[in-house]
Amino acid sequence: MAFELRRGHEAGVDVLWLRGELDHDTVGRFEVAVDGVGPGAVVVVDLGAVTLCDSSGLSGLVRLAQALAARGGALRLSAVPAATVKTIGITGLDRLIPVFPDVPSAVRADARGPVEEDGPGRLPAPSG
């Protein structure tokens, strides 16, 4: 599947909708798309149509989160596929990058404040 990226704005928040595979071959295109985001910017990346996010894709998300934080901004993820949610939880990336069920939730959230366990911006505790 080809990688596609669409960029928009909702309530003053930059939103990126990704489709396809976020991997070694495509992460560079993703990173270039967020170049020039201003200081203090909040960026939501919607992964609902991502079919694969490998370690290169996760690394790209981490680099983006760190770059935004260094400029007083924040990264939020929305609609993360189940397999990627599991990886994000296992690696502890959900402590760096808050995860939301959909774009509107991510746009409305205050990701810079404290986050409650099982609340917005946190993955649910593992069952069983």
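The values are calculated or read from the model by the stated rules, or taken from the named source; none is laboratory data. In this text, all values refer to a predicted model and were calculated from it rather than measured experimentally. No Cβ is skipped: glycine too gets one built from the backbone with ideal geometry, and neighbour counts run over all protein chains shown.
The set of residues in segment 68-80 being in contact (Cβ under 8 Å) with a residue 24 or more places away in the chain and in a helix (DSSP H, G or I) consists of Leu68 alone. Restricting attention to segment 32-50 and to residues that are surrounded by 14 or more Cβ atoms within 10 Å (Cβ to Cβ), more than 12 Å from the chain's Cα centre (by Cα) and outside any loop (DSSP other than H, G, I, E, B), the residue that is modelled with the highest pLDDT turns out to be Ala49.
The set of residues from segment 81-103 being surrounded by fewer than 15 Cβ atoms within 10 Å (Cβ to Cβ) and not in a helix (DSSP H, G or I) comprises Gly92, Leu96, Pro101, Asp102.
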